[in-house]
């Protein structure tokens, strides 16, 4: 009889559900008994063959079997869920009573490291370290440095112009102007800082980079004094002999002006993207301070003279650590920065 078969089916399915060891085994047992093509579905198709007086009793037995199996399945499913949760809690458990691991050590940016070394070096030689605003006036950035509005040298620097005659400084030389006015001669100063130029970015050019200006104003300052400090600087930074060359260069705020180049330490002079395949990197524009610059800063050029230099701090870092792409320095990539 159908009722007897339903009782056997229920007992067999209950046994399989309770014996399931994994969620997959439990789902297979459910499909076999309660699925659309399962044993109970097949049994229900036989209801139409029964006599009317037998059909009601068989229907009640079928519903009872279905309810018993669904209850058993849900109970076993809840057990598996509880086991999975407990396993996850055990694996991810954190003992909050344990002491903290401590502060993870960090490191200074390579630009900061080199800047600190240079500052220490020049301070030991009697220089002061000055700072100035990154948003400058047109007068301090250009006019006071012997670069009036009609001067062709303004075309050499692609400037980020702001409102009301202000701009993002294109070099740190305005700090020299402010230093001469504030401190007066005799003066030894350096001015490290960030500068901005509207340039196309590539492996050797950035719109934001770092420079370091230096100046000495005193009586009877000569090119020999300038070369002494430049050589001392390079020896202190690279900790080894480097090949340099001095060639004439034009800068409105120095006269005579020079370009001090360093042989590329990336390629050894063979040519690479950093040195534009030329083997040399412009590193230290320098010269004797132009008399007009002294005069515009309130210093009598008949009594005082001096030298000034501008160091490409970013390029110096690239040479020091053999970095072949300037864009890495401001990328914020921790994989790069952790090397320093």
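The values are calculated or read from the model by the stated rules, or taken from the named source; none is laboratory data. The structure displayed is predicted, hence computed values, not measured ones. Glycine gets a Cβ as well: all are built from the backbone with ideal geometry, and neighbour counts include every protein chain shown.
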Query raised in the report: Cβ-Cβ below 6 Å, separation at least six or inter-chain, first residue in region 55-67 and surrounded by fewer than 13 Cβ atoms within 10 Å (Cβ to Cβ), second at pLDDT 80 or above: which pairs?
Result: none
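Condition check: in contact (Cβ under 8 Å) with a residue 24 or more places away in the chain, over 30 Å from the mean Cα position of the chain (by Cα) and surrounded by 11 or more Cβ atoms within 10 Å (Cβ to Cβ). Does residue 50 satisfy that?
Details: in contact (Cβ under 8 Å) with a residue 24 or more places away in the chain: yes; over 30 Å from the mean Cα position of the chain (by Cα): yes; surrounded by 11 or more Cβ atoms within 10 Å (Cβ to Cβ): yes.
Criteria met by residue 50.
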Requested in this report: Please work out which one of (1) at pLDDT below 90; (2) more than 27 Å from residue 332 (Cα to Cα); (3) part of a loop (DSSP other than H, G, I, E, B) is the condition residue 144 fails and give its number.
Outcome: (3)
Query - Residue list for region 49-65, restricted to those being part of a helix (DSSP H, G or I) and touching a helix residue (DSSP H, G or I) at 6+ places or on another chain (Cβ under 7 Å) - result: 55, 57, 58, 59, 61, 62, 65
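For region 27-43, what are the residues that are part of a helix (DSSP H, G or I) and under 59 Å from the mean Cα position of the chain (by Cα)? Outline the logic, then answer.
Kept after step one, since they are part of a helix (DSSP H, G or I), are these residues of region 27-43: 27-34, 39-43.
The answer is 27, 28, 29, 30, 31, 32, 34.
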Query raised in the report: Given (1) surrounded by fewer than 15 Cβ atoms within 10 Å (Cβ to Cβ); (2) at pLDDT 85 or above; (3) within 28 Å of the chain's Cα centre (by Cα), where does residue 208 come up short, assuming only one miss?
Result: (1)
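So for region 99-114 (the condition being within 25 Å of residue 288 (Cα to Cα) and in the same structural domain as residue 291 (by TED's automatic domain parsing)), does at least one residue qualify? Spell out how you get there, then give the answer.
Here is the first cut: in region 99-114, the residues within 25 Å of residue 288 (Cα to Cα) are none.
Looking through region 99-114, none of the residues is within 25 Å of residue 288 (Cα to Cα) and in the same structural domain as residue 291 (by TED's automatic domain parsing).
Residue under question is residue 288, and the condition is that it be assigned by TED's automatic domain parsing to the domain that holds residue 189, surrounded by 17 or more Cβ atoms within 10 Å (Cβ to Cβ) and modelled with pLDDT of 90 or more; does it hold? Write out each step before concluding.
Numbers: assigned by TED's automatic domain parsing to the domain that holds residue 189: yes; surrounded by 17 or more Cβ atoms within 10 Å (Cβ to Cβ): yes; modelled with pLDDT of 90 or more: yes.
Yes, satisfied.
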Report task. Evaluate the following for residue 274: is it touching a helix residue (DSSP H, G or I) at 6+ places or on another chain (Cβ under 9 Å), surrounded by fewer than 18 Cβ atoms within 10 Å (Cβ to Cβ), part of a loop (DSSP other than H, G, I, E, B) and modelled with pLDDT under 90? Result -> no
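May I ask you to list the residues in region 291-323 that are in a loop (DSSP other than H, G, I, E, B) and under 12 Å from residue 215 (Cβ atoms)?
Restricting attention to region 291-323, the residues satisfying the condition of being in a loop (DSSP other than H, G, I, E, B) are 297-304, 322-323.
Scanning region 291-323 gives 297, 299, 304.
One line per residue, one yes/no per condition, for (1) surrounded by 15 or more Cβ atoms within 10 Å (Cβ to Cβ); (2) at pLDDT below 90:
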position	(1), (2)
182	no, no
191	yes, no
199	no, yes
219	no, no
227	yes, yes
244	yes, yes
247	no, yes
Requested in this report: Mind telling me which of the residues 3, 10 ends up being surrounded by fewer than 19 Cβ atoms within 10 Å (Cβ to Cβ) and either more than 13 Å from residue 62 (Cβ to Cβ) or touching a residue at least 40 places away in the same chain (Cβ under 8 Å) (or both)?
Outcome: 3
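Can you go through 74, 82, 24, 46 and tell me which one is in contact with a helix residue (DSSP H, G or I) (Cβ under 9 Å, 6 or more places away or on another chain), on the phi < 0 side of the Ramachandran plot, not assigned by TED's automatic domain parsing to the domain that holds residue 317 and not in a loop (DSSP other than H, G, I, E, B)?
On the way: 74 fails: in contact with a helix residue (DSSP H, G or I) (Cβ under 9 Å, 6 or more places away or on another chain); 82 fails: in contact with a helix residue (DSSP H, G or I) (Cβ under 9 Å, 6 or more places away or on another chain); 24 fails: in contact with a helix residue (DSSP H, G or I) (Cβ under 9 Å, 6 or more places away or on another chain).
Testing whether each residue is in contact with a helix residue (DSSP H, G or I) (Cβ under 9 Å, 6 or more places away or on another chain), on the phi < 0 side of the Ramachandran plot, not assigned by TED's automatic domain parsing to the domain that holds residue 317 and not in a loop (DSSP other than H, G, I, E, B) leaves just 46.
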Requested in this report: Scan region 160-182 residue by residue and report those that are closer than 28 Å to residue 216 by Cα and over 27 Å from the mean Cα position of the chain (by Cα).
Outcome: 166, 173, 174, 175, 176, 177, 178, 179, 180, 181, 182
